[in-house]
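The values are calculated or read from the model by the stated rules, or taken from the named source; none is laboratory data. Predicted model only: the values in this text are computed from it and were never measured. When we count neighbours, we look across all protein chains shown, and the Cβ atoms used for this are built from the backbone with ideal geometry, even at glycine.
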Amino acid sequence: MTQRRPFIAGNWKMNKTIDEAIDFVTKLQEKLNDSEQVDILVAPPALAIHPVAQALPHSSPIQIAAQNVHPEPAGAFTGELSAPMLKAAGASHCLVGHSERRQLFHEDDAFLNRKLKALLKEQLKPIFCIGESLEEREAGKTFERVASQLTEGLKNISKEELLSITIAYEPIWAIGTGKTATPEQAQEVHAFLRSQLAQLYDEKTSQQIRILYGGSVKPNNIRQLMQQNDIDGALVGGASLDVDSFLQLIRFHSSI
Ligand code: PGA
């Protein structure tokens, strides 16, 4: 079986000024040692991407993601940022299709597919988020929903390109609600997504792709989630805003 390196990502959403973001990564950097066994990433607000990148040493294991991108490289799109800009600012990754973008900003599958392609063109690594609503889960439509988000989102994306994408399964009913999916509920969807990837691409590729879980991940529930076969990491909102709590997530092996 392919060994997938654990990946702990913090999505700060619309939190932290530039100074607060610098302060966070500086403190985190000081506390990290050479033996951390995971990939570490923070997604600050766009304004803080460049200052945070500048504040970290080149050798830092802390990677930086943008939270959003526009599919076009430049042009008359007031208020938007393009993939080349994010790359130049110091981001290596970018979230795509977070449920808040889908719901509050009405981003649909076709638009998200364009964003994925724009990022891949710039060698930026997408973290592609999918997940069902409470109504969909209660109506027994979870698998149908995530399968269509996955298939539509990845339309015309090659196997080679897929290898730079991380998938994040985030059930909407678990985000910011304190209601985590049980490890079994999450595992069930992760295994399903991996089987979908095997169908869309092939088995070997599906085994290489990391699938993160997101939705009220905390220091006290991460270990059980990470013990599941198909859960390769976490995309964390609330619990990523505090250095000590984020560090406990990174060190999930020794978390309670
Ligand atoms: P949460 O957010 O950890 O605060 O539930 C997760 C996310 O939205 O990525």
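Side notes on the structure shown:
- The listed residue being of a type outside the set (K, R), surrounded by fewer than 19 Cβ atoms within 10 Å (Cβ to Cβ) and within 16 Å of the ligand (Cβ to nearest atom), out of G237, G178, G214: G178
- Checking segment 161-169 against the condition returns a match, with at least one residue being part of a strand (DSSP E or B) and under 16 Å from V42 (Cβ atoms).
- Test: residue in segment 135-148 that is small (G, A, S), more than 16 Å from the ligand (Cβ to nearest atom), at positive phi and in a loop (DSSP other than H, G, I, E, B): yes
- Looking only at segment 217-234, and only at residues there that are assigned to a loop (DSSP other than H, G, I, E, B) and in contact (Cβ under 8 Å) with a residue 40 or more places away in the chain, the one that is farthest from the ligand (Cβ to nearest atom): N229
- E184 vs. criteria more than 16 Å from the ligand (Cβ to nearest atom), surrounded by fewer than 19 Cβ atoms within 10 Å (Cβ to Cβ) and at pLDDT below 95: no
- Restricting segment 195-211 to residues that are β-branched (V, I, T) and more than 16 Å from the ligand (Cβ to nearest atom), the residue that is surrounded by the fewest Cβ atoms within 10 Å (Cβ to Cβ): T205
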